[in-house]
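*Asks:* What follows is a structure written as structure tokens; I'll ask about it next.
The values are calculated or read from the model by the stated rules, or taken from the named source; none is laboratory data. All figures in this text were calculated on a predicted structure; none of them were measured in a lab. Here the Cβ is made from the backbone with ideal geometry for all residues, glycine too, and neighbour counts use every protein chain on show.
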């Protein structure tokens, strides 16, 4: 599900210095039936495989989750290579009465797939085709495709892309379902803003399993199912086996004009301030400047619409805090814009940063952020409509620089947002947050042998303290706008940790939740697809 992933961004920073069709599958066009991509090698056809405990492949398939805090032990894993095989796998699990989960890239922050109650995992990793579907006039992408390959195939084949995540190894499957954002989103919006159709394997009230294609065409009788997949989160309505992408403003049938064209090149940059040179006043000035700059520069017409950056406020153990990102440098003036940005963030800060930058072709930069090995971690998140208050900044400093945080691998990331994202009405897609300027990610990680309790306590206390005025969570309204479902946090459903009186689903979906509930009742009446933060049908 991750957009900006934990180790991916840190590795990237180090590298810088970060029509409606109905019925069964034959009625639609599966990605394996679509027109082949003009780039890439011949794909290996994988038939349905069942892997159970005792099979030497079992451990590899159950340890695919990126958060090593969670490891499942299902009765078996079904590795599926086509929509038909997914239908077969779901039909068998339903017949056996076994709880189902689905995995594509494996980047869920919580243990939704690795829940002990899950008895069947359907692994979609072989379903990785990227192609142009001339019949639909849209690009077909299967859920197992990793973002780096999606970027490569779309760009080399047609010179286009989708605005999506910053880390190459994230899978399309869960990423798109929560909204999908990344380095090009301030310029071009979210992934779901370009989603034309989805093919979904659903379970009817009778227990029959079938695949359905749902599109954004208002006349489509399945339109509501499409809408639910534009930010309603994964594991709620069925299993997506294909996405089709096309810019809603695109005209004609020339595939080179149906999705955004990425910049020819980007300039990646970083600025790092040493903790030893940052007193509390300078730290506060740095964070305040950064938030104020985003308040002024997050409109869709801003000269900084091509900017993506992360202010990585790491605990004192990391020795430094870093502003890293990239800017469209196809035209002139990129370095000046970066200089002005870094200067604005650092204005009045007594410490001078260590700086660097590098210009790269877009495709090389898009695939540059790689991950290291999985590790246990806990993340919490929020949308910011305005910068942190001075009191909140003081809390951030105390938690990162104080004694409690100094020995932990903890951080707060402030990720650039807004731009074109905020030009879409809140009800147009399931993504309700359409006037935010930043995303905040609170994070702690540890080694497998270390005690998780003090680390969980630290990040939970950090989060509660920042949002102390609203019951310990970012209640929508004022400077906050809830949380991001692709960074799921089960704490928000815990009344002991969320004392705001605002339900977890309001934090994630705001006023869009009742519609999602009605769609859930229609398309998953048996509640076959569920997890801790799943959409619940109306009472």
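*Asks:* Which of the numbered conditions does residue 356 fail, given that it passes all the others? Conditions: (1) modelled with pLDDT of 95 or more; (2) buried (at least 19 other Cβ atoms within 10 Å of the Cβ); (3) touching a helix residue (DSSP H, G or I) at 6+ places or on another chain (Cβ under 8 Å).
*Replies:* Residue 356 satisfies every listed condition except (2).
*Asks:* I would also like to ask the following. Based on what the data block shows, is residue 386 at negative phi, part of a loop (DSSP other than H, G, I, E, B) and over 18 Å from the mean Cα position of the chain (by Cα)?
*Replies:* Values: at negative phi: yes; part of a loop (DSSP other than H, G, I, E, B): yes; over 18 Å from the mean Cα position of the chain (by Cα): yes.
In short, yes.
*Asks:* Could you run through the range 228-257 and say how many residues are surrounded by fewer than 23 Cβ atoms within 10 Å (Cβ to Cβ) and out of contact with any helix residue (DSSP H, G or I) (no Cβ under 7 Å at 6 or more places or on another chain)?
*Replies:* Selection size over the range 228-257: 7.
*Asks:* Now for a separate question. Using the structure shown, decide if residue 306 is under 23 Å from residue 442 (Cβ atoms) and in contact with a strand residue (DSSP E or B) (Cβ under 9 Å, 6 or more places away or on another chain).
*Replies:* In short, no.
*Asks:* Oh, and also: Going by what's in this entry, would residue 298 be described as surrounded by fewer than 19 Cβ atoms within 10 Å (Cβ to Cβ) and modelled with pLDDT of 95 or more?
*Replies:* On the way: surrounded by fewer than 19 Cβ atoms within 10 Å (Cβ to Cβ): no; modelled with pLDDT of 95 or more: yes.
No, not satisfied.
*Asks:* All but one of (1) closer than 23 Å to residue 235 by Cα; (2) at pLDDT 95 or above; (3) surrounded by 24 or more Cβ atoms within 10 Å (Cβ to Cβ) hold for residue 166, so report the exception by its number.
*Replies:* Of everything listed in (1) closer than 23 Å to residue 235 by Cα; (2) at pLDDT 95 or above; (3) surrounded by 24 or more Cβ atoms within 10 Å (Cβ to Cβ), residue 166 misses just condition (2).
*Asks:* Can you find, within the range 486-495, the residue that is nearest to the chain's Cα centre (by Cα) among those that are in a loop (DSSP other than H, G, I, E, B) and closer than 19 Å to residue 111 by Cβ? It would help to see each step written out before you state the result.
*Replies:* Quick first cut of the range 486-495, residues in a loop (DSSP other than H, G, I, E, B) only: 486-489, 494-495.
When the remaining residues are screened for being closer than 19 Å to residue 111 by Cβ, the result is 486-489, 494.
Values: 486: 5, 487: 7, 488: 10, 489: 13, 494: 23 Å.
Across the range 486-495, the extreme among qualifying residues is 486.
*Asks:* Is the range 509-528 home to any residue that is part of a loop (DSSP other than H, G, I, E, B), at pLDDT 95 or above and surrounded by 17 or more Cβ atoms within 10 Å (Cβ to Cβ)? Lay out the reasoning, then the answer.
*Replies:* Applying the first criterion (part of a loop (DSSP other than H, G, I, E, B)) to the range 509-528 yields 524-528.
Checking the rest, the ones that are also at pLDDT 95 or above come to 524-528.
Restricting the remaining residues to those that are surrounded by 17 or more Cβ atoms within 10 Å (Cβ to Cβ) gives 524, 528.
Yes, the range 509-528 contains a residue that is part of a loop (DSSP other than H, G, I, E, B), at pLDDT 95 or above and surrounded by 17 or more Cβ atoms within 10 Å (Cβ to Cβ).
*Asks:* Report yes if residue 124 is crowded, with 23+ Cβ neighbours inside 10 Å, modelled with pLDDT of 95 or more and more than 28 Å from residue 263 (Cα to Cα), otherwise no.
*Replies:* Numbers: crowded, with 23+ Cβ neighbours inside 10 Å: yes; modelled with pLDDT of 95 or more: yes; more than 28 Å from residue 263 (Cα to Cα): yes.
Judged against the criteria, residue 124 is a match.
*Asks:* Just to be sure I understand, how many residues within the range 377-397 are more than 27 Å from residue 279 (Cβ to Cβ) and surrounded by fewer than 18 Cβ atoms within 10 Å (Cβ to Cβ)?
*Replies:* Final tally of qualifying residues: 0.
*Asks:* So, in the range 398-419, how many residues would count as being surrounded by fewer than 21 Cβ atoms within 10 Å (Cβ to Cβ) and assigned to a helix (DSSP H, G or I)?
*Replies:* Total satisfying the criteria: 5.
*Asks:* Sticking with this one: As an exercise: evaluate residue 167 against (1) part of a loop (DSSP other than H, G, I, E, B); (2) more than 22 Å from the chain's Cα centre (by Cα) and give the number of the one condition it does not meet.
*Replies:* Of everything listed in (1) part of a loop (DSSP other than H, G, I, E, B); (2) more than 22 Å from the chain's Cα centre (by Cα), residue 167 misses just condition (2).
*Asks:* What pairs come up if the first residue lies in the range 333-355 and is over 24 Å from residue 265 (Cα atoms), the second is in a loop (DSSP other than H, G, I, E, B) and modelled with pLDDT of 95 or more, and their beta carbons are under 7 Å apart, counting only those six or more places apart or on different chains?
*Replies:* 346/353; 351/278
*Asks:* Out of all the residues in the range 302-317, is one or more surrounded by fewer than 23 Cβ atoms within 10 Å (Cβ to Cβ), modelled with pLDDT of 95 or more and assigned to a helix (DSSP H, G or I)?
*Replies:* No: zero hits.
*Asks:* Grab the strands (runs of 3 or more DSSP E) fully contained in the range 181-293, keeping just those with 3 or more residues being closer than 30 Å to residue 114 by Cα and touching a strand residue (DSSP E or B) at 6+ places or on another chain (Cβ under 8 Å).
*Replies:* Working: elements: 195-203, 209-215, 239-245, 265-274.
Correct list: 195-203, 209-215, 239-245.
*Asks:* Also: Hey, does the range 462-485 have a residue that's in a helix (DSSP H, G or I), in contact with a strand residue (DSSP E or B) (Cβ under 7 Å, 6 or more places away or on another chain) and within 19 Å of residue 398 (Cα to Cα)?
*Replies:* Of all residues in the range 462-485, those in a helix (DSSP H, G or I) come to 462-466, 468-470.
Right, trim to in contact with a strand residue (DSSP E or B) (Cβ under 7 Å, 6 or more places away or on another chain) and you get 462-463, 470.
Keeping just the survivors that are within 19 Å of residue 398 (Cα to Cα) gives 462-463.
For the range 462-485, residues in a helix (DSSP H, G or I), in contact with a strand residue (DSSP E or B) (Cβ under 7 Å, 6 or more places away or on another chain) and within 19 Å of residue 398 (Cα to Cα): present.
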